Amino acid sequence: MKGRVHARYLRTFLFVTLPCCGGGDGFPAEWGSVEATSSALLNHNALNPNALNPNALNPNALNPNALAPSRLQESSLSETALGAITEPGEIGAISRQLLQYIVSCALNASQSFRFSWRDELGELHEERYPGHLGLAASWSDEPLSAPRRLWVSACVASRANRAGVSVMISSRGTHPALRYPDRSEVESFPREEGAFWGNLFTSPPRLYACYNDANVANSRALGRECATGRRDPAGAARECPNIHIVGPCELACDGLSTSGGHHPACTDDRGERSSAVITTFLP
């Protein structure tokens, strides 16, 4: 992916943007929105050792809505959010896993989120969660805006995997960070899995998925089942927790764009339309 790159320093991070790619779809370019590299290398749906467990959206664990009104820095988090990610027990573990994926989606590779917590024995743990995609890189300096909440939500949903299987995915969308997959990425990830969208930052979260009917068998063979549903012994498709499948993408979404190969917008079963959609492709 090529473009003119401008850089500036803010605090201790180097923020990078590609001005050619922002604003055309109504989503403003921001500092730190794009890395000048092939996006496929960054779009791993699994942060080792496991992919995001959709059960991490537990009402007793981290509520993403408690994160949005603050800058994504430990000193700026609300007591509720900070308490969830520093909890030493099981609830704290799933809260930290969810936060790790949120940070990976929101911040870019030059940024990270750091905090510390103590376990039941009082041992101090220093955490550093690196950013990857840069869908909301400005969150490190200001509250998360409503449009960027939807992009982070779509990204988190697309990386959910109930089986914890590590799978490389190609994520595409109208956001500047996703819009221009290079030729090698397109050739390596030719099969559309489906699309993800919704809002993680509501109570309860509302996340949606659709699937490409022609590629359902391929998706399941690779262990990706949150767009297709997992077959139970009776043959019915069971949804991943907290992600509602609305059906085939050809019925729920606009057709794939010819330029980027993504669905520009999708509609959920409540009739609500979203243009913050991430379309995923598999090998």
*Dipole size in debye (nearest 20) for segment 95-144 around its Cα centre, Lys and Arg Cβ +1, Asp and Glu Cβ -1?*
140 debye
*Keeping all protein chains in position, work out how much accessible area Leu256 exposes to a 1.4 Å probe, and write it in Å² to the nearest 10.*
80 Å²
*About the Cα centre, charge dipole magnitude for segment 114-206 (Lys/Arg +1, Asp/Glu -1 at Cβ), debye*: 400 debye
*Kindly write out, for segment 176-187 in residue order, the coupling ³J(HN,Hα) from the Karplus curve 6.51 cos²θ - 1.76 cosθ + 1.60 (θ = phi - 60°), rounded to whole Hz, with x marking Gly and Pro.*
x, 6, 10, 6, 10, x, 7, 4, 5, 5, 4, 6
*Difference of contour (0.36 nm per residue) and Cα-Cα distance, Ala163 to Arg238*: 25.7 nm
*Go through Thr258, Phe189, Cys226 and say which Cα lies farthest out towards the positive end of the charge dipole of segment 129-283; charges sit on Cβ, +1 for Lys and Arg, -1 for Asp and Glu.*
Cys226
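What's the FRET efficiency of Ala146 with Leu251 using the Cβ-Cβ distance as r and R₀ = 22 Å, to the nearest 0.05? Could the numbers behind the result be given before it?
Numbers: r = 27 Å, r/R0 = 1.22.
So, using R0 = 22 Å, E works out to roughly 0.25.
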*Which value, in debye to the nearest 20, describes the size of the charge dipole of segment 130-283 about its Cα centre when Lys and Arg Cβ atoms bear +1, Asp and Glu Cβ atoms bear -1, and nothing else is charged?*
280 debye
*Quick one: length gained pulling Gln73 to Asn55 fully straight, 0.36 nm per residue minus the C-alpha distance?*
4.0 nm
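For the peptides 95-106, 136-147, 72-83, 230-241, what is the packing order when you average, over each peptide's residues, the other Cβ atoms within 10 Å and list the highest mean first? Write down the numbers at each step before the final one.
On the way: 95-106: 24.1, 136-147: 19.7, 72-83: 16.2, 230-241: 12.2.
With the highest mean Cβ count within 10 Å placed first, the list reads 95-106, 136-147, 72-83, 230-241.
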_Cα shape, segment 150-257, gyration tensor, a/c 1.5 rule_ = oblate
*Could you work out how far apart the two model spin labels at Ser184 and Thr80 are, taking each label as a point 7 Å from the Cα in the direction of the beta carbon, and quote it in nm?*
4.5 nm
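Between Arg231 and Arg270, what length in nm is gained on full extension when 0.36 nm per residue of separation is reduced by their alpha carbon distance? Spell out each step's value before the answer.
Numbers: separation 39, 0.36 × 39 = 14.04 nm, distance 2.49 nm.
This chain segment gains 11.6 nm when fully extended.
The values are calculated or read from the model by the stated rules, or taken from the named source; none is laboratory data. Remember, predicted model here, so these are calculated numbers, not experimental data. Note that we place each Cβ from the backbone using ideal geometry, even for glycine, and neighbour counts take in every protein chain shown. These accessible areas exclude ligands, DNA and RNA; they are computed on the full protein's heavy atoms, side chains included. Shrake-Rupley method; radii C 1.70, N 1.55, O 1.52, S 1.80 Å.
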